[in-house]
1. Could you sort out which of Lys9/Lys124; Lys126/Lys218; Lys117/Lys218; Lys117/Lys224; Lys96/Lys124; Lys20/Lys80 sit more than 26 Å apart by Cα distance in this structure?
2. I'd like the FRET efficiency for Tyr41 and Thr109, computed as 1/(1 + (r/R0)^6) with the beta carbon distance as r and R0 of 41 Å, rounded to 0.05.
3. Just grab the label-to-label distance for Glu214 and Lys6, each label 7 Å out from Cα along the Cβ direction, in nm (one decimal).
4. Between Glu125 and Asn54, what length comes free when the chain is fully extended (0.36 nm per residue of separation minus the Cα-Cα distance, one decimal in nm)?
5. Set the Förster distance to 45 Å, then compute FRET efficiency between Thr66 and Tyr90 from the Cβ-Cβ distance, nearest 0.05.
6. Under a 1.4 angstrom probe, counting protein chains only, how are Lys58, Lys95 ranked by accessible area, largest first?
7. Could you sort Thr75, Thr46, Thr66 by their accessible area in this structure, using a 1.4 Å probe and putting the largest first?
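The values are calculated or read from the model by the stated rules, or taken from the named source; none is laboratory data. Predicted model only: the values in this text are computed from it and were never measured. When we count neighbours, we look across all protein chains shown, and the Cβ atoms used for this are built from the backbone with ideal geometry, even at glycine. Side chains included, ligands, DNA and RNA excluded: accessible areas come from the protein's heavy atoms. Shrake-Rupley method; radii C 1.70, N 1.55, O 1.52, S 1.80 Å.
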Amino acid sequence: MEEVVKYYKDNLTSYSLVYKHMKLTYYFSLFIFGVFLILAYLFIITFPLLLIGNYLAKGICIAFVTIFLFSILTTSYMSKKAKVVILNHYDIHVKKGGWRTIEFDSMQTRMFINYLKLNNLYSKEKLQLIVSFTEKNIERGKTPSFLTPGIFIGLFIPLWSQCVVFIFKGVKETDYNGLFWLTIILVAIIIYFSLIVGTYKSFFHLSKELFLFEDGLKKNFLLKIEDLLLRISDSEIKEDEPYNLILRRKDKAQS
């Protein structure tokens, strides 16, 4: 079973098929996403200090916004480079959207099926055994908790609620104009943070492929095996349909 996982890792992952052909861009992206992750947490922790004009918090805020924008540009550049790689190596042309297309996934699936057939593993029973084995392995290892998007949100909400209370306490109840503009500013900040959280979650899913965490790799492997199981089940149903049709016709003729 470990040999199948090893084959998948060495021959069918995004790194083995695409990223290894653009190593400079790949390692640069790892660095950018690593810095983004660190600054994201520092920004959340120091955000209350930003509201009272702390210079350290201001510096972290500027650095975070800069790396945030730079991360978006890096993601776009990576996608363009990946499209060139799959065009040159696999003759798959991508016009719009992300580089991972239906054609690329189909090629990946065909490669996996060929390997399983060559090793006499492409059957429903054997694939189910592989699924069971992989699920047990996944339970033994989990993605580092500091990378999960839930931690980002969990840290932000309590700090933000305390900041809002602190801000409104500093505004006089009779200053309606100040309250109005303060509310507008807070809504704008919330929208901005929503965009950051959404982008962070996108980066998190991308980082699971970039950083090649073992459990993320095995989860992708498990999804691929389960997809093959569905394909086998569908093919069995299609093969049975003509036989069932003949049986129904015989039954009608006898009646």
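1. Values: Lys9/Lys124 22 Å; Lys126/Lys218 17 Å; Lys117/Lys218 20 Å; Lys117/Lys224 15 Å; Lys96/Lys124 36 Å; Lys20/Lys80 15 Å.
Flagged as over cut-off: Lys96/Lys124.
2. On the way: r = 38 Å, r/R0 = 0.92.
Efficiency, rounded to the nearest 0.05: 0.65.
3. For the pair Glu214/Lys6, the computed spacing is 1.4 nm.
4. On the way: separation 71, 0.36 × 71 = 25.56 nm, distance 6.25 nm.
Residue separation times 0.36 nm, minus the Cα-Cα distance, leaves 19.3 nm.
5. On the way: r = 35 Å, r/R0 = 0.79.
About 0.80, to the nearest 0.05.
6. On the way: Lys58 90, Lys95 170 Å².
Final ranking, largest accessible area leading: Lys95, Lys58.
7. Details: Thr75 45, Thr46 15, Thr66 80 Å².
Final ranking, largest accessible area leading: Thr66, Thr75, Thr46.
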